[in-house]
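Undergrad: Questions regarding the structure given below will be posed in turn.
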Amino acid sequence: MTPFAGQLLVTSNGRGKEILVVVCKASFSVARGVHLLDKQLPIQPVDSFNGPPEASSIKDFSDLVPEKPNVDVVLQGSAVPRRQGETEVEVRCRFGHHWEKTIQVFGKRQWKSNGFFLAPSSPEPIQKIPLQYEFAFGGADLSNPDRPAGFAMNPVGRGFAGRYSTKNFTDEPVPNLVLLGESMQAPTNHAKVAGFGWIAGHWQPRMTYAGTYDDNWLKNDMPIYLEILTPATLMPPQRISKSKVI
């Protein structure tokens, strides 16, 4: 017997044969040394979202996948100031010397005109800002109905302007989450995605690894699909192969 959560998953392999996958999940705390949680987290059967599934980021990713060859790295929570009145803080996640990411978190900002062009307003004091992709650069631009556009790496973010945009960005929110070293100085700037969360299957770069569903697949393999998937399709966030220090 084990205190870990477990579940059986019946699925198919890349050749259309049924397989049985044993899914085991252990929950630890690293706050004061590494130890098992008294109450283990249950298996997450399906993806859950931070809002409507079609317009929000993933809150919890399903544990029921055929394989996970590497380690998922996800940081969930909110950025809060160390001192009252701070308008900018940094959030850093590091795994030993193998992987590191730092995000600058700004208080509420808007695009304002200085008489010549739009620029970010001064950030307001931070109260609490969720570390979610909704607060990072991205989103969709539907201002031009003939040329709608979206940011494939983060369709739920804010600040994206399409090539043929007719959007008026005055008073629109500026992204709160920005990768360290990135700068948002104009609405037309396209920044890299800043986040520590799960990456949905229909977002880039995961969608790139989903395979090619061409005429050959339609004729010879449909509905079998797993063989053309790569492990990266099943690994939604940043990944590391090994590490000693968290």
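Undergrad: Nothing charged except the Cβ atoms of Lys and Arg (+1) and of Asp and Glu (-1): what's the magnitude of the dipole of the stretch 78-179 about its Cα centre? Round to the nearest 20 debye. Write out the running numbers ahead of the final one.
TA: Details: 13 positive and 10 negative charges, 36 e Å.
The dipole of the stretch 78-179 has a size of about 180 debye.
Undergrad: What's the magnitude of the charge dipole for the chain around its Cα centre, counting Lys and Arg as +1 and Asp and Glu as -1 at the beta-carbon? Answer in Debye, nearest 20.
TA: It comes to approximately 720 debye.
Undergrad: Here is a follow-up. Over its Cα atoms, what ratio of radius of gyration to 2.2 N^0.38 Å does the stretch 78-179 give?
TA: Rounded to two decimals, the normalised Rg is 1.22.
Undergrad: Tell me the relative contact order for the stretch 49-185 as a rounded percent, counting alpha carbon contacts under 8 Å between residues six or more apart.
TA: Relative CO of the stretch 49-185 lands at 23 percent.
Undergrad: Give the aspartates and glutamates reachable from residue 68 as a straight Cα distance under 12 Å; neighbours fewer than 8 places away on the same chain don't count.
TA: none
Undergrad: For the stretch 131-208 and the stretch 1-77, compute the distance between their C-alpha centroids and round to whole Å.
TA: Distance between centres, Cα-based: 28 Å.
Undergrad: I would also like to ask the following. Sorting 20, 36 on the 10 Å Cβ count, fewest up front, what's the list?
TA: The most exposed by this proxy come first: 20, 36.
Undergrad: Among 184, 222, 207, 153, rank each residue by its count of other Cβ atoms within 10 Å, from fewest to most, as a rough exposure measure.
TA: Taking fewest neighbouring Cβ atoms as first place, the list is 222, 207, 184, 153.
Undergrad: So what is the calculated 222 nm ellipticity per residue for the chain, using -39500 (n - 2.57) for each DSSP H run with n of 4 or more, over all residues, to the nearest 500 deg cm²/dmol? Don't jump to the answer; show the numbers that get you there.
TA: Values: 1 runs with 6 residues, N = 246.
Computed mean residue ellipticity for the chain: -500 deg cm²/dmol.
Undergrad: Next up: Could you grab the relative contact order for the chain? Cα pairs under 8 Å, six or more apart, rounded to a whole percent.
TA: 20 percent
Undergrad: Quick check on my link table: of 17/101; 39/128; 17/39, which ones sit more than 32 Å apart, alpha carbon to alpha carbon?
TA: 17/101; 17/39
Undergrad: Determine the dipole magnitude for the stretch 6-139: charges of +1 sit on the beta-carbon of Lys and Arg, -1 on that of Asp and Glu, nothing else is charged, the reference point is the Cα centre, and the result goes in debye to the nearest 20. Mind showing how you got there, number by number?
TA: Values: 16 positive and 14 negative charges, 65 e Å.
Here the size comes out at about 320 debye.
Undergrad: For the stretch 148-206, run through the trypsin sites (Lys or Arg not before Pro) and keep only the ones in DSSP coil with at most 11 other Cβ atoms within 10 Å of their Cβ.
TA: Values: sites: 158, 163, 167, 192, 206; in loops: 163, 167, 192.
Sites meeting the loop and neighbour criteria: 163.
Undergrad: Report for the stretch 78-179 the percent antiparallel among DSSP-assigned beta bridges with both residues inside it, nearest 5.
TA: Rounded to the nearest five, the antiparallel share is 85 percent.
Undergrad: Then there's this: Within the chain, what's the longest run with no chymotrypsin sites (Phe, Trp or Tyr not before Pro) in a DSSP loop and at most 12 other beta-carbon atoms within 10 Å? Give the range, please.
TA: Between exposed loop sites, the widest span is 1-115.
Undergrad: Now for a separate question. Report the one residue of 89, 48, 151 whose Cα lies farthest in the direction of the positive end of the charge dipole of the stretch 13-151 (charges on C-beta: Lys and Arg +1, Asp and Glu -1; origin at the Cα centre).
TA: Comparing the listed Cα positions along the dipole, 89 ranks first.
Undergrad: Tell me the Rg and the Dmax, in Å, that the Cα atoms of the chain produce.
TA: 20.9, 70
Read-outs throughout are calculated quantities, based only on the coordinates presented, and are distinct from any laboratory measurement. Values in this document were obtained by computation on a predicted structure and should not be read as measured data. Quick reminder, even Gly has a Cβ in these numbers, built from the backbone with ideal geometry, and neighbours come from all protein chains shown.
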